[in-house]
1. For every helix of n ≥ 4 consecutive DSSP H residues, a contribution of -39,500 (n - 2.57) applies; sum these over the chain, divide by its total residues, and give [θ] at 222 nm rounded to the nearest 500 deg cm²/dmol.
2. For the Cα atoms of the chain, what angle does the longest principal axis make with the long axis of helix 9-19, in degrees from 0 to 90, nearest 10?
3. Return the tail of the calculated pair distribution for the stretch 17-75, meaning the percent of Cα-Cα pairs more than 12 Å apart.
4. Against the longest principal axis of the chain, how steep is helix 103-115, in degrees 0 to 90 to the nearest 10, with axes from Cα atoms?
5. Report, in whole Å, the centroid distance computed from the Cα atoms of the stretch 95-115 and the stretch 12-87.
6. May I ask you to work out the translational diffusion coefficient for the chain at 10 °C, viscosity 1.306 mPa s, via Stokes-Einstein with Rh from the Kirkwood sum over Cα pairs, reported in whole µm²/s?
7. Whole-Å semi-axes of the stretch 71-123's equivalent ellipsoid, largest first, each the root of 5 times a Cα gyration tensor eigenvalue?
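Read the figures in this text as sums done on the coordinates, not as results from a lab. What you see is a predicted model, and the numbers here were worked out from it, not measured in a lab.
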């Protein structure tokens with residue numbers, strides 16, 4: 001692949017996250033990174049995010065985030081994660097993906113999800 005060819009799939013997600021200042025690592029099929037919550041009652045708390053990018057990313061967004069530690073989400077749709085017992089999967093598709101198919105757009109989605117959390121105990 002040359003520098004002029006566009007990136008797709010996991011490579012595109014990893015490159016976008018690195019460009020946004022995140023250090024990523026692979027955990028199976030997941031791209032994982034530390035994320036500091038920016039807004040809401042849990043602002044400044046650091047969590048790990050796991051994303052499973054589809055092969056055609058950025059055309060299709062990753063599914064909802066896998067989050068560790070387990071925090072629960074007030075809107076429900078929280079499920080076990082394949083990343084382990086300390087993780088949970090939030091079934092929360094990226095809103096407005098067609099308007100901004102980028103890592104920046106997905107990070108905005110995360111910011112919105114975490115702003116919705118309550119201060120309460122973990123799930």
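1. Values: 2 runs with 24 residues, N = 123.
For the chain, the value works out to -6000 deg cm²/dmol.
2. 70 degrees
3. Numbers: 1235 of 1711 pairs.
Counting every Cα pair in the stretch 17-75, those more than 12 Å apart make up 72 percent.
4. 0 degrees
5. For the stretch 95-115 versus the stretch 12-87, the Cα centre distance is 12 Å.
6. It diffuses with D of about 108 µm²/s by this estimate.
7. Numbers: eigenvalues 97, 38, 17 Å².
Value: 22, 14, 9 Å, ordered largest first.
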